[in-house]
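The values are calculated or read from the model by the stated rules, or taken from the named source; none is laboratory data. Remember, it's a predicted structure, so these values are computed and weren't measured experimentally. These accessible areas exclude ligands, DNA and RNA; they are computed on the full protein's heavy atoms, side chains included. Shrake-Rupley method; radii C 1.70, N 1.55, O 1.52, S 1.80 Å.
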Amino acid sequence: VARSAYWKLYFVENAFRVIINSVLSAQIGPDWWKVGVDATIRRRAEAFKNEYLRRPWHTAPGSHDIYYVYLRDLGEIMRANSNLFLPVVPDIDAWIAKIEQLRLPRNIVGHMNFPNTTDRQRINVMYSDCRVLVESLVT
């Protein structure tokens, strides 16, 4: 599982964290989290972050709150701010749908179970598509 799928999902999830942070920082400003993210998602992220703060001997996922949300939340943040992503990612609605389609296969892999052939293909396609997206944004 780790050799074939996990690292691809890791790349996709974190690439979207970077994309979201970059786009919303540029469009809204450094306080985009407070303005562009639903209060429910912010509360869940804060609770998750507090778990790490209560156990400082563990490595924290990251310094920004976006590292304390789940894949579904990333899609929701993009959906809620889709107008701000459109200039950079014109097919933003398709990406939001792809993220949702990846959510269940990601959970299977995240719990170290073996995805079926369809889910493995979905992960592979999303990984390839996400690499193309990242390359288009970098160049």
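Structure data summary
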quantity: Solvent exposure ordering (accessible area, 1.4 Å, most first) of Tyr127, Tyr67; calculated: Tyr67, Tyr127
quantity: Within a Gaussian network of the chain (alpha carbon springs, distance under 10 Å), most fluctuating of Glu51, Glu76, Glu13; calculated: Glu51
quantity: Tail fraction, Cα-Cα pairs, the chain, threshold 26 Å, whole percent; calculated: 25 percent
quantity: The chain: calculated mean residue ellipticity at 222 nm from DSSP helix runs of at least 4, using -39500 (n - 2.57); calculated: -22500 deg cm²/dmol
quantity: Residue-normalised accessible area of the chain, given per residue in Å² at a 1.4 Å probe; calculated: 60 Å²
quantity: Distant alpha-carbon pairs in segment 53-122 (separation over 17 angstrom), percent; calculated: 58 percent
quantity: For segment 83-98 and segment 27-54, distance of Cα centres in Å; calculated: 22 Å
quantity: Percent carbon-and-sulfur accessible area, segment 11-139, ignoring ligands, DNA and RNA, probe 1.4 Å; calculated: 54 percent
quantity: Kyte-Doolittle mean at least -0.5 and Cα axial length at least 20 Å: DSSP H helices in the chain; calculated: 7-27, 92-110, 117-138
quantity: GNM top mover of Pro56, Pro87, Pro115 - the chain, alpha-carbon springs below 10 Å; calculated: Pro56
